[in-house]
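Take a look at the structure set out below.
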Amino acid sequence: MSKTDPGNYFEDFRLGQVLRHATPRTVTVGDVALYNALYGPRFALTSSDEFARACGLPGSLADPLLAFHMVFGKTVPDISLNAVANLGYAEGLFLKAIYPGDTLTATSEVIGLKENSNRKTGVVYVRTTGVNQTGEPVLRYVRWVMVRKRDEAAEIAEQATPTLAGAVAASDLVLPQGLDFSRYDFALAGAPHAFEDYAVGEKIDHVDGMAIEEAEHQMATRLYQNTAKVHFNQHERAKDPSGRRLVYGGVVISTAKALSFNGLQNAGQILAINGGRHVNPYFAGGTVFAWSEVLDKADLGPGVGALRLRLVAAKDRPCTDFPDKDDAGAYPPELILDFDYWAAVPKKKG
Amino acid sequence: MSKTDPGNYFEDFRLGQVLRHATPRTVTVGDVALYNALYGPRFALTSSDEFARACGLPGSLADPLLAFHMVFGKTVPDISLNAVANLGYAEGLFLKAIYPGDTLTATSEVIGLKENSNRKTGVVYVRTTGVNQTGEPVLRYVRWVMVRKRDEAAEIAEQATPTLAGAVAASDLVLPQGLDFSRYDFALAGAPHAFEDYAVGEKIDHVDGMAIEEAEHQMATRLYQNTAKVHFNQHERAKDPSGRRLVYGGVVISTAKALSFNGLQNAGQILAINGGRHVNPYFAGGTVFAWSEVLDKADLGPGVGALRLRLVAAKDRPCTDFPDKDDAGAYPPELILDFDYWAAVPKKKG
Amino acid sequence: MSKTDPGNYFEDFRLGQVLRHATPRTVTVGDVALYNALYGPRFALTSSDEFARACGLPGSLADPLLAFHMVFGKTVPDISLNAVANLGYAEGLFLKAIYPGDTLTATSEVIGLKENSNRKTGVVYVRTTGVNQTGEPVLRYVRWVMVRKRDEAAEIAEQATPTLAGAVAASDLVLPQGLDFSRYDFALAGAPHAFEDYAVGEKIDHVDGMAIEEAEHQMATRLYQNTAKVHFNQHERAKDPSGRRLVYGGVVISTAKALSFNGLQNAGQILAINGGRHVNPYFAGGTVFAWSEVLDKADLGPGVGALRLRLVAAKDRPCTDFPDKDDAGAYPPELILDFDYWAAVPKKKG
């Protein structure tokens, strides 16, 4: 038997199958420093131990997206080594805050299988759960991905397409334990905008643009122990029409999220991922721009609300005029991300 | 009201105005590791916990320049988002050593305003103070920067040009608390050269050359949460005559300082910044060389002295013959930095 | 006397000479995070505190290669600043595991000197020992390097070529203190392959390919405080026929070692370096591939064995067919590393 892992092909998956992923990973302040150096986030709760403590937390939070990328990375060898495309995310929920010192492991359950009519590929839906060192789930999300078949003739026993929620219900959102915005310092965080200041339908251009270099996306993706060939193997990518290594979509998400500080200074803490699609490939060297739209608002209790936000990223295309998909739902080639999430926001002071 | 921050224009500043900057930041060993990876410093006090403890400190120091860059970064959104050029630094003084775990915040006071005769721009002088988590000032410096006016016709009420010291007085220098060079191990630090071995007027070629890549200066600058567009937005920079992203001047300072190890092995600890100018732009890919001149010496008490050093950096130009400005004070295009500072140096053993 | 260090020339070395190297260095979780970001290793013992604790260790190990690179870096200013080529390694033994917080220093003893017949260069053999903060040796290895003479006419007093072992004896291998594989979780580590599953002579293609960018090898090499000009000084390298900065060989070793996870998932822990040669130069941008061969096996007691492995790396050349030197021992230009080491591997469960 070969000891190198060929990954799973579409016909290897079974509905209800549970995959326990390899490579447990302890998050450290070193990982957090790299996250900061690679994307440039400025949200105060993840930047300052003192600020976080004033908000009832034991110290500054690791960005939930860092945990997401690390958990995602663990699933790659089992789920998407033979993937053609990562199609989307849904029902993502952050259940417990991550701090340096926490160790992450992950499992996935196959919740959907749908062979394509060409019989060469099929779509695999998995619900992945990230767990910490005490066994508590810290995040959960669904993703679906198009995977090659090893053998076109292989019969697929049982197929099903799961019904996925369009968005996580506000009542399901979980705040980091202890979070208390009563002493939130808006000026120190960078802007006075509170929950009440945002209106559904409001659009915000995040103005700034950020180029990403080959070395940067590779370092990020290695940090997450995501080994998908398309990000690293230039020798093989030279045969692709693009001739380029593809940037891991999570790098685009984290870059756009960091850019969103300019306008969403107090909405840094992601609570849920309602959906997300990488609508066009992004290659290193392009400048990433982003804009956001407020899709919904929810009151989460004393001092805190949540904004449902749509984060759209473009390459080499400033977003002053909010470039968007057309009426038929088609995305222009300069758009690269359409990401829908809930974030916690402090309310105005009593 | 737009929620994205347009930054201040020249007519927005007032003499005596105090700006409290956003984004508190906890320094970690992760930041220190990145500082090491990005510049390659070898000074023993910032490299080894054991060496630092033998010198009376609780552990290895974070480089004072790391604190400087982080504090500088906080001021960018308020001071220099609409800057044409960063003109200079003066009266920089490090008041308290920084260790991993410390949290930095910053405020600036406007101490000078001078409109240019074209009425399109003006020079803003600010005195910035970095403060730690217990409210103690850790560093203080003046910088001045040329800022655009939003409206050429705007009247500037009160103007003044501050008188700045040519150098920090040796009597104002503050050593890291506990620092005691009586057990300083010169051989382990890399060279026998002590305070007594340096002569005023002595010039030292640091020999080594170091290229800086786009990914490296971007990672450094993001780490400092410095968001100035010129460093990241390639799409916009493509319209500049250079067509290039500009490297943050602090990256040049830290690179040249790391190169200065070769000749100044025991003068790693910066105590004050007397002045500094980025005399020509530096773009990624160029190889940085540096040389130093001893401008002054000061006895700081038992076992320790200070050298006032001038650090000159060049691009793609070895410094064997100490390239310098001409008699009229004009810098040749290959020079990129003229930086004047005080550093602590151990004296010879009893 | 010039204060910049010219390094030692061949005639400066003496048999039996002991060099105490500069720049003590405390290893931190920041260094570990960079190691992960730069190479992408996935071995569980160095990835997860929890996994390491379940194996009897106090927390996740720093990769022995990280300690090796840091110790190697310290020797460069004294041994190889005037080197023409790094010729090889032998008799490398890891004596004590390294954890974040440990501080490394190094000394070298000159154990061989052999002038070349052209009288322009000679080969220096040194045995280098890395020591931790309590004075315990943590690793020891021999390397030999071709060094220029300052003066061709200089006479070399005493010469000798040391006899070096072809491999470290299995009986000399030292396991990390406390290591106990009785609770080793093969599935979590990524594969079921145990000591018993590997056969002498078995070859494994590690499949994946990894490109390394200029920024990446520079950051790695600076992190190790290795200042060899060839890695950083593009201005000088432009005069070389290649026109390129040379990548530090240790970057190739760590990259190939990380790639070896695919097939050697449970053989991550290096115990000894039997030998190693950088058989061709590697420049940034090339895609690194690797394959391994099992050279020997040794029983190390209850639950644990050691594999002697040969790790061969190639550039821009997949290793499906195990590219190798020819019968005359000549390496094709696409091969860049031939590295021989012992690694610990858990045995099958009772």
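The values are calculated or read from the model by the stated rules, or taken from the named source; none is laboratory data. These numbers were taken from a predicted model, which means no experiment stands behind them. Cβ coordinates were reconstructed from backbone atoms using ideal geometry, including for glycine residues, and neighbour counts include every protein chain displayed.
Odds and ends about this structure:
- Search result, residues across the range C:40-58 that are more than 7 Å from every other protein chain (Cβ to nearest Cβ) and either within 24 Å of the chain's Cα centre (by Cα) or aliphatic (A, V, I, L, M) (or both): C:41, C:43, C:45, C:46, C:52, C:54, C:57
- Number of the exception - residue B:349 against (1) charged (D, E, K, R); (2) outside any loop (DSSP other than H, G, I, E, B); (3) more than 23 Å from residue B:167 (Cβ to Cβ): (2)
- Residues located in the range B:287-344, provided they are at positive phi and surrounded by 15 or more Cβ atoms within 10 Å (Cβ to Cβ): B:303, B:316
- Only one of the listed residues (C:108, C:60) is buried (at least 21 other Cβ atoms within 10 Å of the Cβ), over 23 Å from residue B:43 (Cβ atoms) and polar (S, T, N, Q). That residue is C:60.
- Odd one out for residue B:184 among (1) modelled with pLDDT under 95; (2) surrounded by 15 or more Cβ atoms within 10 Å (Cβ to Cβ): (1)
- Checking each residue in the range A:235-271 for being among the polar types (S, T, N, Q) and buried (at least 21 other Cβ atoms within 10 Å of the Cβ) picks out A:254, A:255, A:260, A:262, A:265, A:266, A:269.
- Qualifying residue in the range C:42-50 (condition: assigned to a loop (DSSP other than H, G, I, E, B), out of contact with any helix residue (DSSP H, G or I) (no Cβ under 8 Å at 6 or more places or on another chain) and of a type in the set (Ser, Thr, Tyr)): yes
- Lone qualifier among C:288, C:252, C:230, C:304 - being within 14 Å of chain B (Cβ to nearest Cβ), of a type in the set (Val, Ile, Thr) and more than 19 Å from residue C:166 (Cα to Cα): C:230
- Within this structure, residue C:86 fails the test of being at pLDDT below 95 and assigned to a loop (DSSP other than H, G, I, E, B).
- Contact annotation: residue pairs with Cβ atoms under 7 Å, 6 or more positions apart or on different chains, pairing a residue in the range B:291-319 that is under 21 Å from residue B:275 (Cα atoms) with a partner that is outside any strand (DSSP E or B) and among the aromatic types (Phe, Trp, Tyr), are B:291/B:322; B:294/B:198; B:297/B:198; B:305/B:195; B:307/B:198; B:315/B:282.
- The one condition from (1) part of a loop (DSSP other than H, G, I, E, B); (2) farther than 22 Å from residue C:212 by Cα; (3) in contact with a strand residue (DSSP E or B) (Cβ under 7 Å, 6 or more places away or on another chain) that residue A:285 does not meet is (2).
- Boolean, residue A:238 is within 14 Å of chain C (Cβ to nearest Cβ), over 30 Å from residue C:44 (Cα atoms) and among the small types (Gly, Ala, Ser): yes
- Selection of first residues in the range C:165-190 that are within 14 Å of chain A (Cβ to nearest Cβ) and in a helix (DSSP H, G or I) and of second residues that are surrounded by 12 or more Cβ atoms within 10 Å (Cβ to Cβ) and hydroxyl-bearing (Ser, Thr, Tyr), restricted to Cβ pairs under 9 Å at least 6 apart or on distinct chains, gives the following pairs, ordered by first then second residue: C:188/A:23; C:188/A:105; C:188/C:48; C:189/A:23.
- Residue in the range B:24-32 that is within 11 Å of chain C (Cβ to nearest Cβ), without any contact (Cβ under 8 Å) to a residue 40 or more places away in the chain, among the polar types (S, T, N, Q) and in a loop (DSSP other than H, G, I, E, B) present: no
- For the range C:92-127, a residue qualifies if it is in contact with a Lys or Arg (Cβ under 7 Å, 6 or more places away or on another chain), β-branched (Val, Ile, Thr) and away from chain B (no Cβ under 13 Å), and the qualifying residues are C:110, C:111, C:121, C:123, C:126.
- Just one of the listed residues (C:218, C:225) is surrounded by 14 or more Cβ atoms within 10 Å (Cβ to Cβ), within 14 Å of chain B (Cβ to nearest Cβ) and farther than 30 Å from residue C:112 by Cα, namely C:218.
- Residue list for the range B:197-213, restricted to those being of a type outside the set (A, V, I, L, M) and in contact with a Gly (Cβ under 8 Å, 6 or more places away or on another chain): B:205, B:206, B:213
- Pair list, Cβ < 7 Å and 6+ apart or interchain, from the range A:92-106 residues that are more than 24 Å from residue A:308 (Cα to Cα) and outside any strand (DSSP E or B) to residues that are small (Gly, Ala, Ser) and at pLDDT 95 or above: A:99/A:59; A:99/A:62; A:100/A:62
- For first residues located in the range A:127-153 and assigned to a loop (DSSP other than H, G, I, E, B), partners that are of a type in the set (Ser, Thr, Tyr) and lie 6+ apart or on another chain with Cβ distances below 8 Å form the pairs A:132/A:103; A:133/A:103; A:149/A:9; A:149/A:121; A:150/A:9; A:151/A:9.
- Only listed residue being in contact (Cβ under 8 Å) with a residue 40 or more places away in the chain and not hydrophobic (A, V, I, L, M, F, W, C), chosen from B:48, B:80: B:80
- Residues of the range C:223-280 that are of a type in the set (S, T, N, Q), out of contact with any Lys or Arg (no Cβ under 6 Å at 6 or more places or on another chain) and modelled with pLDDT of 95 or more: C:226, C:233, C:242, C:254, C:255, C:260, C:262, C:265, C:266, C:269, C:274, C:280.
For (1) within 22 Å of residue A:233 (Cβ to Cβ); (2) in a loop (DSSP other than H, G, I, E, B), each residue gets a yes or a no:
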| site | (1), (2) |
| --- | --- |
| C:242 | no, yes |
| C:252 | yes, no |
| C:258 | yes, no |
| C:266 | no, yes |
| C:273 | no, no |
| C:337 | yes, no |
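- Flag if residue C:62 is of a type in the set (A, V, I, L, M, F, W, C), free of Cβ contacts under 8 Å to residues at least 60 places away in the same chain and within 14 Å of chain B (Cβ to nearest Cβ): yes
- Leading residue by the ranking (modelled with the lowest pLDDT) among those in the range B:64-83 that are touching a strand residue (DSSP E or B) at 6+ places or on another chain (Cβ under 6 Å) and not in a helix (DSSP H, G or I): B:82
- Number of positions in the range C:4-23 that are in a loop (DSSP other than H, G, I, E, B) and touching a residue at least 40 places away in the same chain (Cβ under 8 Å): 13
- Residue tally, condition more than 22 Å from residue A:206 (Cβ to Cβ) and loosely packed, with under 13 Cβ neighbours inside 10 Å, over the range B:1-21: 3
- Against the criterion of being away from chain C (no Cβ under 14 Å), of a type outside the set (Lys, Arg) and under 30 Å from residue A:21 (Cα atoms), residue A:204 does not qualify.
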